[in-house]
1. Of the residues K93, K117, which is closer than 19 Å to A345 by Cβ, assigned to a helix (DSSP H, G or I) and touching a helix residue (DSSP H, G or I) at 6+ places or on another chain (Cβ under 9 Å)?
2. Looking at (1) free of Cβ contacts under 8 Å to residues at least 24 places away in the same chain; (2) of a type in the set (D, E); (3) crowded, with 23+ Cβ neighbours inside 10 Å, which one does D310 not meet, given that it meets all the others?
3. If you scan the stretch 201-241, which residues turn out to be charged (D, E, K, R), in contact with a helix residue (DSSP H, G or I) (Cβ under 8 Å, 6 or more places away or on another chain) and surrounded by fewer than 22 Cβ atoms within 10 Å (Cβ to Cβ)?
4. Can you name the condition, by its number, that I159 falls short on among (1) closer than 22 Å to A360 by Cβ; (2) at pLDDT below 85; (3) of a type in the set (A, V, I, L, M)?
5. For G297, only one of the following conditions fails: (1) of a type in the set (G, A, S); (2) over 16 Å from the mean Cα position of the chain (by Cα); (3) crowded, with 17+ Cβ neighbours inside 10 Å. What is its number?
6. Looking at the stretch 321-328, can you tell me whether even one residue there is touching a strand residue (DSSP E or B) at 6+ places or on another chain (Cβ under 9 Å) and within 30 Å of L92 (Cβ to Cβ)?
7. Would you mind stating whether A345 is assigned to a loop (DSSP other than H, G, I, E, B), among the aliphatic types (A, V, I, L, M) and either surrounded by 22 or more Cβ atoms within 10 Å (Cβ to Cβ) or modelled with pLDDT of 95 or more (or both)?
8. From (1) free of Cβ contacts under 8 Å to residues at least 60 places away in the same chain; (2) not charged (D, E, K, R); (3) not in a loop (DSSP other than H, G, I, E, B), pick out the condition that doesn't hold for V354.
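The values are calculated or read from the model by the stated rules, or taken from the named source; none is laboratory data. Please read these numbers as outputs of a predicted model, since none were measured by experiment. Ideal geometry is used to build each Cβ from the backbone, glycine not excepted, and the neighbour counts take in all protein chains shown.
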Amino acid sequence: MDLANPDLYMSEARFEMWQEHVSSHAKIWSEPGFSPNGFWSVFSHQDCGAVLSPKAPFTSEHGMMIGFDAENSDSSGGRMLVVTDGSWHSALKRLIGPFLSRLREPELHAVLEREVKEIIDRMKSQETTDVASEVGPRLPAAIVCEVIGVPLSDRDNLIELTNHAFGGEESSFDRMSPAEAHSEILFYFHELVAEREKKPGDDLVSALLADGRLSVDDVVINCDNVLIGGNETTRHSITGVFHILQAFPDVLDQLREGSGIIDLAVEEVVRWTSPAMHVLRVATEDCTIGEQRIRKGEPVVAWLSAANRDERLFADPHTFRPDRKPNRHLGFGTGPHHCLGAALARIELRSLLVQLADQARSVRMASGPEWMRSNLIQGYSGLGVAVDWR
């Protein structure tokens, strides 16, 4: 079985496959196919944590997703935050981190309130809403574009390009290839950088330019990294909120009755939806995971979505428990590459959950869920819902 085959992840049968691999601490080799030279896979929480540990003999600089390896390296390796290690990775985190931290919440509060209000007002005006296309992308895009410095007038176009570039092998995106869409995004950021060189602001682009250590291309690819990281994971957690409220109808009442569990519920949304399906690392020396020998240069894929349903850590893992504690999920990764945008994702989810608990009685499924054809993003291509508003 080639675990890179995106067809494997288009139905909920994937959970049964993952459960089998998790329970046996499986280490599976996928022969060349969707990946040029093959790769190892690990699934349990313990094994995924071992691969991503700060002291583990693995690097992200060859690439962080299936398809990259020591012989087929990401051209952004050593330059873009997510595929950089060591001192330069630390330097990039110090530059980018403040723009994605919880300290930005007061500045972003007005944007959050406006977007959540507009989302709910629009949903109230419709009998049913496809939240995968009409709700999921809006909130994270508004926040991440605000952080980067993208003008409001350009946001819808940038969201659509991101959908095309990272929407998996989806037929709905067939008028533009992923490579073409990604090229358009990079071209857009080149233009934005040129504008900020003439007229700096208080945004991420201006800060990266002002540092002086990054070339224009380095600024562009790191803005690209922030855009993708902010949009292409959180949007599916936001869509997943509505899936959860339909599948577990008591959750709204629990959130209303115990406001103290909102933050716990946010963590459970991230665990249950697990949009970042996998991350890849390449061994920097011969090593072992459990009893499996891994040779230097071999890629290893940690299936985070599988680890987040490891019943050794998460009792009744397929059930959404808004008060689950402890909740040591890997939805934001772990180790040096723990998601830098985790704080923003949390405040977006919190804001939406608070408003839905206040205004919605129940959520009913109207259509779907339809899952993306992707081995990287566990996400929704369609999810129609009807909400009974209070």
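1. After ruling out the rest, the residue left standing is K93.
2. (1)
3. D203, D211, R213, D218, D224
4. Exception for I159: condition (1).
5. All conditions are met except number (3).
6. no
7. no
8. Evaluating V354 over (1) free of Cβ contacts under 8 Å to residues at least 60 places away in the same chain; (2) not charged (D, E, K, R); (3) not in a loop (DSSP other than H, G, I, E, B) leaves (1) as the failure.
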